[in-house]
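A.B. asks: Before I ask anything, here is the structure I am working with.
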Amino acid sequence: MLKGINPLLNADVLRALRAMGHGDDLIIADTNFPSDSVARQTRLGKLLRIDASAAEVVKAVLSVYPLDTFVDDAAARMEIVGKPDEIPAVQQEVQKEIDAAEKKSWPMISVERYAFYERSKQAYCVIQTGERRFYGCFAFRKGVIPPDA
């Protein structure tokens, strides 16, 4: 355990988050996502796991991970097939965690399912969660932390 670090953030996850640079993508995926096969194609090349709900994992990650303020797609969700404007409960819960972490409204863009898979393959890494609800899949682009004034 470390002071000030959410205990869900294990050593492998912390190492990957720290190694990522500005513009790198992080995928947080539900249990149905093809996480292992996709993760093998990412920059890290292996799957990371945090066995908790998507919202809990996003809260933990965003406690240390800055979102990219230079792009419109820094936070994205996999859209429901045939219902791109529908936002299920799991995505609403994650949206609340994003807004809380950023201390303002930060809407996620929606990404069509197969386009999300392609974005995921280009990501730095994939964290598979214990989320069992469908469409609990998200992409987060890393931003920067400015120097102290």
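A.B. asks: So is Ala89 of a type outside the set (S, T, N, Q) and within 15 Å of the chain's Cα centre (by Cα) or not?
C.D. replies: Answer is no for this residue.
A.B. asks: Out of all the residues in segment 100-136, which are touching a strand residue (DSSP E or B) at 6+ places or on another chain (Cβ under 9 Å), within 23 Å of Glu86 (Cβ to Cβ) and of a type in the set (Ser, Thr, Tyr)?
C.D. replies: Selection gives Ser110, Tyr117, Ser120, Thr129, Tyr135.
Listed here are the residues, each with its yes/no results for (1) more than 25 Å from Val71 (Cβ to Cβ); (2) acidic (Asp, Glu).
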{"site": "Gly4", "(1), (2)": "yes, no"}
{"site": "Pro7", "(1), (2)": "yes, no"}
{"site": "Ala11", "(1), (2)": "yes, no"}
{"site": "Leu14", "(1), (2)": "no, no"}
{"site": "Arg18", "(1), (2)": "no, no"}
{"site": "Gly23", "(1), (2)": "no, no"}
{"site": "Asp30", "(1), (2)": "no, yes"}
{"site": "Asp36", "(1), (2)": "yes, yes"}
{"site": "Gly45", "(1), (2)": "no, no"}
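A.B. asks: Looking at Ala74, is it crowded, with 18+ Cβ neighbours inside 10 Å and touching a strand residue (DSSP E or B) at 6+ places or on another chain (Cβ under 6 Å)?
C.D. replies: Numbers: crowded, with 18+ Cβ neighbours inside 10 Å: yes; touching a strand residue (DSSP E or B) at 6+ places or on another chain (Cβ under 6 Å): yes.
In short, yes.
A.B. asks: If a residue has to be within 17 Å of Phe33 (Cβ to Cβ) and aliphatic (A, V, I, L, M) to count, how many in segment 76-113 make the cut?
C.D. replies: Within segment 76-113, residues that are within 17 Å of Phe33 (Cβ to Cβ) and aliphatic (A, V, I, L, M) number 8.
Table: residues versus (1) of a type in the set (Val, Ile, Thr); (2) more than 13 Å from the chain's Cα centre (by Cα); (3) not in a loop (DSSP other than H, G, I, E, B).
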position: Val13; (1), (2), (3): yes, no, yes
position: Leu17; (1), (2), (3): no, no, yes
position: Asp72; (1), (2), (3): no, yes, no
position: Glu97; (1), (2), (3): no, no, yes
position: Tyr114; (1), (2), (3): no, yes, yes
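A.B. asks: What are the pairs, 6+ residues apart or on separate chains, where a residue within segment 95-114 that is at pLDDT 95 or above has its Cβ under 7 Å from a residue that is loosely packed, with under 13 Cβ neighbours inside 10 Å?
C.D. replies: Sorted first by the residue in segment 95-114, then by its partner, the pairs are Asp99/Ser105; Ile109/Asp72; Ser110/Pro84; Arg113/Val81.
A.B. asks: Please verify whether segment 21-40 includes one or more residues that are more than 22 Å from Arg133 (Cα to Cα), surrounded by 13 or more Cβ atoms within 10 Å (Cβ to Cβ) and free of Cβ contacts under 8 Å to residues at least 12 places away in the same chain. Can you show your working first?
C.D. replies: Applying the first criterion (more than 22 Å from Arg133 (Cα to Cα)) to segment 21-40 yields 21-25, 40.
If we keep only those that are surrounded by 13 or more Cβ atoms within 10 Å (Cβ to Cβ) as well, we get 23-25, 40.
So of that shortlist, the ones also free of Cβ contacts under 8 Å to residues at least 12 places away in the same chain come out as 40.
Taking every residue of segment 21-40 in turn, at least one turns out to be more than 22 Å from Arg133 (Cα to Cα), surrounded by 13 or more Cβ atoms within 10 Å (Cβ to Cβ) and free of Cβ contacts under 8 Å to residues at least 12 places away in the same chain.
A.B. asks: While we're on this one: So in segment 77-93, with the set limited to residues that are in contact with a helix residue (DSSP H, G or I) (Cβ under 8 Å, 6 or more places away or on another chain) and either farther than 17 Å from Val61 by Cα or without any contact (Cβ under 8 Å) to a residue 40 or more places away in the chain (or both), which one is surrounded by the most Cβ atoms within 10 Å (Cβ to Cβ)?
C.D. replies: Among them, the one singled out is Met78.
A.B. asks: Being more than 21 Å from Ile98 (Cβ to Cβ), assigned to a loop (DSSP other than H, G, I, E, B) and either modelled with pLDDT under 95 or among the small types (Gly, Ala, Ser) (or both) is the filter here, so list the residues in segment 22-62 that pass it.
C.D. replies: Gly45
The values are calculated or read from the model by the stated rules, or taken from the named source; none is laboratory data. Just so it is clear, the structure is predicted and the values come from calculations on it, not from any experiment. Every residue, glycine as well, gets a Cβ built from its backbone with ideal geometry; the counts of neighbours run over all protein chains shown.
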